[in-house]
Structure formats: structure tokens, C-alpha cells
Amino acid sequence: MTSLLEKYGYSKFDIENRVIDAWNNIFDQKNPNHFYFEAPDGMGYMEDTGNDDARTEGMSYGMMMALQMNRKDIFDRIWKWARTYMYLDKGPNAGFFCWSNQLDGRKNADGPAPDGEEYFAMALFFAAERWGNGEGIFNYTEEARAILRTAIHGPSKMWDEKYHHIRFVCNCPFTDPSYHLPHFYEIFAQRADPEDKEFWEEAAKASRKYLVKACHPVTGLAAEYATDEGNPLPPEHHGTFFSDSYRVAANIGLDALWCGKTESLSQIAENIINFFDGKTAEELKDYMVDGKALKKNARHPIGLIATVAESALAISDKDGDNSAVKRAVKRFWETPMRTGRRRYYDNCLYFFALLALSGKYIKY
């Protein structure tokens, strides 16, 4: 299958080199911009360079990246670090992972962030398919099933039973639109505990419907935190288009790549691309979901450019040659990865967008 980058005229040779360079920029410890680090006893971690810690978000992202690049050695190192230092073995959050740890492994919190758990589970299921299960913590399938079993049946629930919506944190009364990954839930329905098949099927349907409600009908923008009806929380409580929100565009693109295009989500992707069309990296801001620009410049402009480009995968075929779509992909291609202290989040989103647009973000 021809990737979107190839469709828009980029050569396989250049694409392959770009993927390798991007991987090395994150994982090659001789590269000055890397933020993957090896640790003793066959372990490794991803550093959030903006916050000087290791987070389940980045650890699970690193596992997915290593899986896609067929680097079982790095995948197992990151998983062992997470399982050794982040795993919570007591209290109401037992079975989950501490969302933030110091770089020496000490925990900064006693609770999880659900986006980490869902990425851990998906990466582990893919690892089982690609490499086969091992023993103990490397029995990838059982480890993934245990996470999801705890998430919906444990005392600290990561999914609301009424709405089938993922929570921002366990048992809280609101959600984060960027946590909604219907393309993951469809796979969970096939690979998690058989008795939970119906729950995950419903979660996939619910999240696709939810994203339509949570994304503004004109701009396509979603808030960081929102109610189950899709309404943004007040601005002072992350009810604006900010860093987490960028991932909604990427998730819509990946959902289309893995599961096929959905008309309503394709329209959201088109709205997002049109909203940002013509805005330079220096002009990118924080926004209200209706598009009103706020005073602060976007904290992660490279990540935003990357996710907007990734959403192009969801544009329906009749609009696939749209000039705004081409410009979004071209801007991404011509934008280098970020350097400096804030590079972690931007470059994670950049690498995932590159994998997806190059046809290398595979559903195993």
C-alpha cells in the first residue's frame, strides 16, 4: 500500500532515512537530543525532558515506538523499568502504574494516568503478536489483560460504566478527549479477557461518538478536559485547546489508518487542517475550542504541526488531494524535530506522525 507521504511525492528512500534519523534522535544515546536512557539490570527509561521525570505516557510511547521499529531489546528494557519502579502493588490503585517517577526510580505519586495504561496494554498485545510471549513480566498478553481487567473491574475504575468513556484519572467525573482511542478498544475487544469483549466494543463506539461531541463543529478543536457530554471544562480547569488536545487529531488519523475512515471524524480532521492552514509555527497559540486565540504561544508547536499532519490520514478520498491537506503534510515534512528542554513531547508526537504518514505504524 502506498503511504500518504509517497502519494504526495516523497521518495521511499527519503522517507526511510527520515524514519531512521527520527528514531536515532530519540533513542541513540550518542545523539545529543536523545531522551531514551539505558539503566542497570537490563532496564531503560524515557525522560520527560521538560519535567525531569519518567512518565507512563512516555514509557508506553517508547514501548510502542520500539515495537514498531522491531527493537525488542529496547521494548523489554523500558517495560522492565516500568514494571520494576512504576508498578503499584498495594492500595486502591494496585495493578496500575505510578504516572510519574524520578529518574532513579522513586515514585512521585501514588496513582496512575489512564493514557499510560491503555498504551502499555496496546504495546504489550502487539509485542505478543510480533515476538511471542515469554515468561513472567514478559508474558505480554497476560500483562496486558491484567492491566485492562483492573481498569474496568478494580476499585479504581479508568472507564465509566455508564458512558464507556475513559476517565482523566480514576473515578473522576470528567474525561480527556485525547485519551479516547477507539482503534485501541477494537483490538482490546479481540485480545483482552473474553468476558469483556462487549465492553470494549461499546467503548470503541462510544469514543467515536464522543469525539464528534467534544470537537468544535467549525474548528475541530477539543479541550484538554471535558465533560461526558463533550463540553469543555472552564478555561482555568484545562478547558482550552492545549498540549494534551493536540493528540486528538493524531488519534483520528490513526483510527482511520487502522480501522477505516469514519465520515464524522473525517470532517473533524478536515476542520482541524483548515483551521491551522496558513498559520506558521511562530503564530501557533493556545486557543479556546471556538478558535479564539489566547495570549500564550503554543508550548509544543512541533508536536502540533505533526498531529495536524497525521490527521490527514482521516480525510475522505474525495478530499484527499485537497491543497490544505497537502500543505499540512508538506509543513510537517519540512519541520525539523525539536531540540532543547521541551523536546520530549514534541518529538514523541513527531515520530508517531512520521510512522503513520509513512505507512510504518502497523496494527499487529
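Which is touching a helix residue (DSSP H, G or I) at 6+ places or on another chain (Cβ under 7 Å), at pLDDT 95 or above and crowded, with 21+ Cβ neighbours inside 10 Å, of 158, 69?
Checking each option against the conditions leaves just 158.
Restricting the search to the range 201-257, which residues are closer than 22 Å to residue 342 by Cα, under 15 Å from the mean Cα position of the chain (by Cα) and hydrophobic (A, V, I, L, M, F, W, C)?
Residues satisfying the conditions are 242, 248, 249, 250.
Does residue 140 satisfy being without any contact (Cβ under 8 Å) to a residue 60 or more places away in the chain and among the hydroxyl-bearing types (Ser, Thr, Tyr)?
Against the criterion (without any contact (Cβ under 8 Å) to a residue 60 or more places away in the chain and among the hydroxyl-bearing types (Ser, Thr, Tyr)), residue 140 qualifies.
Can we say residue 296 is under 22 Å from the mean Cα position of the chain (by Cα), closer than 18 Å to residue 232 by Cβ and among the basic types (Lys, Arg)?
So residue 296 does not fit the description; no.
Within the range 48-63, track down each residue that is within 15 Å of residue 341 (Cβ to Cβ) and surrounded by 19 or more Cβ atoms within 10 Å (Cβ to Cβ).
If the condition is that a residue be within 15 Å of residue 341 (Cβ to Cβ) and surrounded by 19 or more Cβ atoms within 10 Å (Cβ to Cβ), then 48, 49, 58 are the ones that fit.
Within the range 89-97, identify whether any single residue is buried (at least 16 other Cβ atoms within 10 Å of the Cβ), in contact with a Ser or Thr (Cβ under 6 Å, 6 or more places away or on another chain) and either free of Cβ contacts under 8 Å to residues at least 40 places away in the same chain or not in a loop (DSSP other than H, G, I, E, B) (or both), and answer yes or no.
Yes: one or more hits.
May I ask you to list the residues in the range 225-241 that are open to solvent by 10 Å² or more (accessible area, probe 1.4 Å), within 26 Å of residue 295 (Cα to Cα) and touching a helix residue (DSSP H, G or I) at 6+ places or on another chain (Cβ under 7 Å)?
Correct list: 225 only.
Could you run through the range 105-137 and say how many residues are open to solvent by less than 50 Å² (accessible area, probe 1.4 Å), in contact (Cβ under 8 Å) with a residue 12 or more places away in the chain, in contact with a strand residue (DSSP E or B) (Cβ under 6 Å, 6 or more places away or on another chain) and part of a loop (DSSP other than H, G, I, E, B)?
Of the residues in the range 105-137, 1 are open to solvent by less than 50 Å² (accessible area, probe 1.4 Å), in contact (Cβ under 8 Å) with a residue 12 or more places away in the chain, in contact with a strand residue (DSSP E or B) (Cβ under 6 Å, 6 or more places away or on another chain) and part of a loop (DSSP other than H, G, I, E, B).
Among the listed residues 244, 196, which satisfies the condition of being in a helix (DSSP H, G or I), buried (at least 19 other Cβ atoms within 10 Å of the Cβ), in contact (Cβ under 8 Å) with a residue 40 or more places away in the chain and of a type outside the set (A, V, I, L, M, F, W, C)?
Residue meeting the stated conditions: 244.
Does the range 265-289 hold any residues that are more than 19 Å from the chain's Cα centre (by Cα) and open to solvent by less than 50 Å² (accessible area, probe 1.4 Å), and which are they?
The answer is 270, 271, 275, 276, 281, 284, 286, 287, 289.
Suppose we keep only residues that are at pLDDT below 95 and part of a helix (DSSP H, G or I) within the range 308-323. Which one would you say is surrounded by the most Cβ atoms within 10 Å (Cβ to Cβ)?
Ranking the candidates gives 319 first.
From the list 344, 350, 361, which one is over 23 Å from residue 15 (Cβ atoms) and buried (at least 19 other Cβ atoms within 10 Å of the Cβ)?
Of 344, 350, 361, the one residue that is over 23 Å from residue 15 (Cβ atoms) and buried (at least 19 other Cβ atoms within 10 Å of the Cβ) is 344.
Only one of (1) part of a loop (DSSP other than H, G, I, E, B); (2) over 17 Å from the mean Cα position of the chain (by Cα) fails for residue 152. Which number is that?
Here residue 152 meets the rest and fails (1).
Give just the number: which of (1) part of a loop (DSSP other than H, G, I, E, B); (2) in contact with a Phe, Trp or Tyr (Cβ under 8 Å, 6 or more places away or on another chain) does residue 229 not satisfy?
With (1) part of a loop (DSSP other than H, G, I, E, B); (2) in contact with a Phe, Trp or Tyr (Cβ under 8 Å, 6 or more places away or on another chain) applied to residue 229, the lone miss is (2).
Suppose the filter is in contact (Cβ under 8 Å) with a residue 24 or more places away in the chain, surrounded by 21 or more Cβ atoms within 10 Å (Cβ to Cβ), hydrophobic (A, V, I, L, M, F, W, C) and farther than 21 Å from residue 124 by Cα; does residue 188 pass it?
No; evaluated as a whole, the condition is false for this residue.
Inspect all residues belonging to the range 202-216 and state whether any of them is among the aromatic types (Phe, Trp, Tyr) and in a loop (DSSP other than H, G, I, E, B).
Checked against the condition, which is being among the aromatic types (Phe, Trp, Tyr) and in a loop (DSSP other than H, G, I, E, B), the range 202-216 yields no hits at all.
Going through the range 247-277 one residue at a time, which ones are assigned to a loop (DSSP other than H, G, I, E, B), more than 22 Å from residue 176 (Cβ to Cβ) and touching a helix residue (DSSP H, G or I) at 6+ places or on another chain (Cβ under 8 Å)?
261, 277, listed by residue number.
What number of residues in the range 22-38 are under 20 Å from residue 120 (Cβ atoms) and surrounded by 18 or more Cβ atoms within 10 Å (Cβ to Cβ)?
The qualifying residues number 4.
The values are calculated or read from the model by the stated rules, or taken from the named source; none is laboratory data. This one's a predicted model, so the numbers in the text were calculated from it and none came from an experiment. Glycine gets a Cβ as well: all are built from the backbone with ideal geometry, and neighbour counts include every protein chain shown. All accessible areas refer to the heavy atoms of the entire protein, side chains included, with ligands and DNA or RNA removed. Shrake-Rupley method; radii C 1.70, N 1.55, O 1.52, S 1.80 Å.
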